[in-house]
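Please read the structure below before turning to the comments.
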Amino acid sequence: MKIVGSAALFVMLFLSACQQEATLSISEVESVPDHIQEAVQSEERIQFVQEEAYAYYIAFRSAGSVEAGL
């Protein structure tokens with residue numbers, strides 16, 4: 001019974017050590033990739049476009065300047 005408990009504890013510690021802490025970030029891009037520009041609908045004010053599993057674009061149309069932060 002001690003072996004099973006020790007093995008379970010080892011597995012839990014190992015898996016918890018493998019988790020990466022996620023950090024949120026936002027940055028302005030100077031040039032938007034062509035495939036993202038094609039996905040953006042010009043009549044919408046704000047849009048969310050997913051490029052990859054962890055890469056997203058938020059397109060915001062405004063007549064003024066826009067500031068972003070987390």
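What follows draws every value from the coordinates through simple rules; no lab data is involved. Not measured: the values here are computed from a predicted model. Neighbour counts are summed over all protein chains in view; Cβ atoms, including those assigned to glycine, are modelled from backbone coordinates with ideal geometry.
Size descriptor for segment 24-63, Kirkwood hydrodynamic radius: 11.0 Å (Cα pairs only, one decimal). Residues whose amide H falls under 5 Å from that of Ala59, counting only those 5 or more places apart or on a different chain, are Gln47, Phe48, Val49, with hydrogens built in the peptide plane.
3J(HN,Hα) along segment 55-69: 10, 10, 10, 10, 9, 10, 9, 8, 7, x, 7, 10, 10, 10, x Hz, from the Karplus curve 6.51 cos²θ - 1.76 cosθ + 1.60 with θ = phi - 60°, whole Hz, x for Gly and Pro.
Label Phe60 and Glu30 with points 7 Å out from Cα along Cα→Cβ: what is the distance between them in nm? Taking the two extended label points, one gets 2.2 nm.
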